[in-house]
Amino acid sequence: MTITITAFERSPDGGQGMARDMRVRWALEEVGQPYGVRLLSFKAMKEPAHLALHPFGQIPTYQEGDLALFESGAIVFHIAERHAGLLPDDANARARAITWMFAALNTVEPPIVDREVAEYLEDETWYEQRLPFIDERIRKRLGELSGRLGNAEWLDGAFSAGDLLMVTVLRRLEGSGILEEYPNLSAYVARGKARPAYKRAFVAQLAVFTAAPTA
């Protein structure tokens with residue numbers, strides 16, 4: 001059965017892989033699974049056909065036969081469970097990798113997304129007042145993560161779905177200057193981006209943006 005995911009028709013990030021379909025593309029590339037992509041406009045994302053797949057009108061979604069999923073973390077987890085390469089065989093190591101998946105999305109990502117929301121959607125004066133507090137929360141999390149990673153290549157032994165999600169979360173700080181304050185985390189993200197599967201996924205999602213007509 002063919003896997004089909006949804007993505008932005010024209011991504012607001014300029015095709016730089018920040019949209020959450022990138023996580024799913026990367027996971028599918030890591031496990032060697034072909035997939036199709038259905039592109040959606042912002043208008044189509046709020047229409048009944050898409051809302052039937054994603055009740056919050058976002059991307060990505062994942063369809064394979066009768067199965068339809070939403071939420072990038074849940075989709076990556078499903079892919080990792082179904083195909084070898086993203087979760088360890090050892091039960092304890094597998095549980096730890098899943099823990100890191102949750103940590104990436106539930107602990108590290110929220111303050112980073114808060115920063116994006118404040119920067120792009122809030123009143124400028126309010127943003128300037130809030131930014132130092134948001135950045136303090138981010139630095140606290142990055143300091144903790146940096147201390148845990150240390151000089152290791154990946155979070156817990158071999159590369160896993162936990163690393164895949166963590167790298168995509170940390171990438172959201174690119175351009176802020178904050179990530180560069182933690183050299184081991186910067187190097188960690190660079191290792192993730194150097195993986196052949198990541199590169200294939202990045203090229204694929206960038207091609208959508210560069211091929212899309214300018215509004």
- prompt: For segment 1-18, how many residues meet the condition of being open to solvent by less than 20 Å² (accessible area, probe 1.4 Å) and modelled with pLDDT of 95 or more?
  reply: 4
message: Report every pair of residues separated by at least 6 positions or lying on different chains whose Cβ atoms are under 6 Å apart, first residue within segment 181-195 and closer than 18 Å to E29 by Cα, second outside any helix (DSSP H, G or I).
response: none
- request: Check every one of the helices (runs of 4 or more DSSP H) wholly within segment 29-135 and list those with 1 or more residues that are open to solvent by less than 40 Å² (accessible area, probe 1.4 Å), touching a residue at least 24 places away in the same chain (Cβ under 8 Å) and small (G, A, S).
  value: 72-82, 91-103
- prompt: Name the residues in segment 201-212 that are over 19 Å from L105 (Cβ atoms) and surrounded by 15 or more Cβ atoms within 10 Å (Cβ to Cβ), would you?
  reply: F202, A204, Q205, L206, V208, F209
- prompt: Listed residues E136, E71; which is within 15 Å of the chain's Cα centre (by Cα) and of a type in the set (D, E, K, R)?
  reply: E71
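The values are calculated or read from the model by the stated rules, or taken from the named source; none is laboratory data. Every value quoted in this text rests on a predicted model; they were computed, and no experiment measured them. Ideal geometry is used to build each Cβ from the backbone, glycine not excepted, and the neighbour counts take in all protein chains shown. Heads up: the accessible areas ignore ligands, DNA and RNA and are worked out on the full protein's heavy atoms, side chains in. Shrake-Rupley method; radii C 1.70, N 1.55, O 1.52, S 1.80 Å.
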